[in-house]
1. Among Leu16, Leu114, Leu158, which one shows the biggest mean-square fluctuation in a GNM of the chain, springs joining Cα atoms closer than 10 Å?
2. Can you count the Lys pairs in region 1-153 with C-alpha separation below 20 Å, eight or more apart or on different chains?
3. Rounded to the nearest 5, what % of the DSSP beta bridges within the chain are antiparallel ones?
4. What 222 nm value per residue comes from the helices of the chain, counting each DSSP H run with n ≥ 4 as -39,500 (n - 2.57) and dividing by all residues, nearest 500 deg cm²/dmol?
5. Starting from the exponent 0.38 and prefactor 2.2 Å, build the expected Rg for the chain from its residue count and divide its actual Cα Rg by it.
6. Which of His117, His80, His32 has the fewest other C-beta atoms within 10 Å, and how do the rest follow up to the most?
7. Let's test this: bin the Cα-Cα distances of region 1-120 at 5 Å from zero up to the farthest pair and state each bin's percent.
8. Quick one: which of 94-106, 2-14 comes out on top by average Cβ neighbours within 10 Å, and what's the full order, highest first?
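Every read-out reported here was derived from the displayed coordinates using simple, explicitly stated rules and does not represent laboratory data. Because the structure is predicted, anything quoted here is derived from the model rather than measured. Cβ placement follows ideal geometry from the backbone for every residue including glycine, while neighbour counts extend to all protein chains displayed.
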Amino acid sequence: MKLVAPSILAANFNHLGNDIEMINQSEADYIHCDVMDGVFVPNISFGLPIIQAINSIAKKPLDVHLMIVNPDKYLEDFYHAGASIITVHYEVCSHLHRTIQQIKNLGIQASVCLNPHSPVSLLEDIIGELDMVLLMSVNPGFGGQKFIENTCVKAMALKEMILKKNSTALIEVDGGVNFEVGKKLYNSGVDVLVAGSFVFGSENPLETISRLKNL
Ligand code: DX5
Ligand code: ZN
């Protein structure tokens, strides 16, 4: 699959509504929302009220990436704020299986994110439960960083695992995505490209989204 999720971390927060309208009119499949707590990652972004505001005008599903410790505590709140997909980080979940069941019991999609240093083999015993796996291709916390090339190898290994285990999980990649990187990722079995600064920093974001989908 070739899906695109623009990350609103790179949007203009003074005119966030305009950027959401742009995404509504685009070929994007999801709106990627990066929630950062300043504890798990060295940055603070935004939380529930912003997600709620986005949801009130969004015509695309919200793909909520939680870069927070203790995600279990907030799953219901993010569901009520409008999340269609919730991604939690492997690195902060001691009882990942329980966390995943809690997300699925809310009737939404459950996804797990791996930091660049976490091998895909960590997911072998949970892959059958997942709707999506998010591979970080930068260290989480900031937009505009350089893509880590090893992510392609990880994506290929993950794809193999998904096929072997008859899983239906999609593979999403987040960080440093542009046309060149996107092409390599699709060729490595990736289904969903997240792109922040490349979309919002471009002259024509609508066209950039369309081109990312049709690489
Ligand atoms: C980084 C975030 C990303 C970020 C990507 O921690 O998870 O979603 O917005 O930004 P770019 O596309 O600029 O690397
Ligand atoms: Zn993200």
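1. The residue that fluctuates most here is Leu16.
2. Within region 1-153, the lysine pair count is 4.
3. Values: 1 of 33 bridges.
Roughly 5 percent of the beta bridges in the chain run antiparallel, per DSSP.
4. When only DSSP H runs of four or more count, the value is -9500 deg cm²/dmol.
5. Working it through for the chain, the quotient is 0.93.
6. Sorted ascending by nearby Cβ count, the order is His117, His80, His32.
7. 2, 11, 22, 24, 20, 14, 6, 1
8. The most tightly packed comes first, giving 2-14, 94-106.
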